[in-house]
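Structure record follows, encoded as structure tokens.
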Amino acid sequence: MRVVCISDTHEQHRKLKIPDGDLLIHAGDITYNGDGPAIKDFLDWFKAQPHRNKIFVAGNHDFWFECDNPDQLGKNNPDGEDFTYLHDEAFILPVDSKSNKYLKVWGSPFTPTFGSWAFMKDRGDEIAKVWNKIPYDTDILITHGPPAGILDETPPKWGSKHAGCWDLMAKVKLIKPKLHVFGHIHHGYGKTEKHGTIFVNASSCDENYDAVNPAIVVDL
């Protein structure tokens, strides 16, 4: 299965060149501030992509999903809609139409608290409760933010700190998903493999909010 990963497009999705693949993942921060028309424009674009499956989560900029009712979007391919929106929940993804093989995908928008953004949980017990919901048989994990120490370093102007979540890292080490896709820390863009998991920081925008980073493709 060819997985195409993007994130942190911040309303610049139409500038991207999206490679072909079986699954298109967006790991959040669709917008700058959760504006409803921007959400609609993204969904129109997202649904028009040719990938057989398309899955996304919200991010800390996407206030619409936190403040309004995301069920208005429809979820899990309702009424023929060609996308899946995940909020601390799983989606069973068929590998192909000719077998009973499948991959379990889990998606969550939450990140450790900083400032007054959407989907914030304090580090420690509060955010650990979010990660404890992730099933142990998860194959593809989508979170908006990175795990600690993996593609999570902030730029020098912010002190070159590792901003990822330690509790998320602990959970990932336990469940060992095949693929973990995230964004949030634009400076951490890239791909690496550790602990039996392929990690992808798919941030499409750089620190200047310019959509210059190509989509990252992973073959599972």
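Applying the selection to region 1-37, what residues are assigned to a strand (DSSP E or B) and either without any contact (Cβ under 8 Å) to a residue 12 or more places away in the chain or charged (D, E, K, R) (or both)?
Of everything in region 1-37, just one residue is assigned to a strand (DSSP E or B) and either without any contact (Cβ under 8 Å) to a residue 12 or more places away in the chain or charged (D, E, K, R) (or both), namely Arg2.
If I filter region 200-220 down to residues being in a loop (DSSP other than H, G, I, E, B) and among the aliphatic types (A, V, I, L, M), which single residue comes out as surrounded by the most Cβ atoms within 10 Å (Cβ to Cβ)?
Ala202
Any idea which residue in region 35-76 is farthest from Ser108 (Cα to Cα), counting only those that are at pLDDT below 90 and either charged (D, E, K, R) or surrounded by 15 or more Cβ atoms within 10 Å (Cβ to Cβ) (or both)?
Asp35
Please return the ranges of strands (runs of 3 or more DSSP E) entirely within region 81-154 where 3 or more residues are modelled with pLDDT under 95 and on the phi > 0 side of the Ramachandran plot.
Result: empty, no element qualifies.
What is the residue count in region 99-148 for residues that are surrounded by fewer than 21 Cβ atoms within 10 Å (Cβ to Cβ), more than 21 Å from Lys194 (Cα to Cα) and touching an Asp or Glu at 6+ places or on another chain (Cβ under 6 Å)?
3
Please pick out the residue among Leu174, Leu168 that is touching a helix residue (DSSP H, G or I) at 6+ places or on another chain (Cβ under 8 Å) and either under 28 Å from Thr84 (Cα atoms) or hydroxyl-bearing (Ser, Thr, Tyr) (or both).
Step by step, each of Leu174, Leu168 is checked, and only Leu168 is touching a helix residue (DSSP H, G or I) at 6+ places or on another chain (Cβ under 8 Å) and either under 28 Å from Thr84 (Cα atoms) or hydroxyl-bearing (Ser, Thr, Tyr) (or both).
Quick one: is Ala202 under 24 Å from Glu126 (Cβ atoms) and not aromatic (Phe, Trp, Tyr)?
So Ala202 does not fit the description; no.
The values are calculated or read from the model by the stated rules, or taken from the named source; none is laboratory data. Small disclaimer: the values here were computed from a predicted structure and weren't measured. Neighbour counts are summed over all protein chains in view; Cβ atoms, including those assigned to glycine, are modelled from backbone coordinates with ideal geometry.
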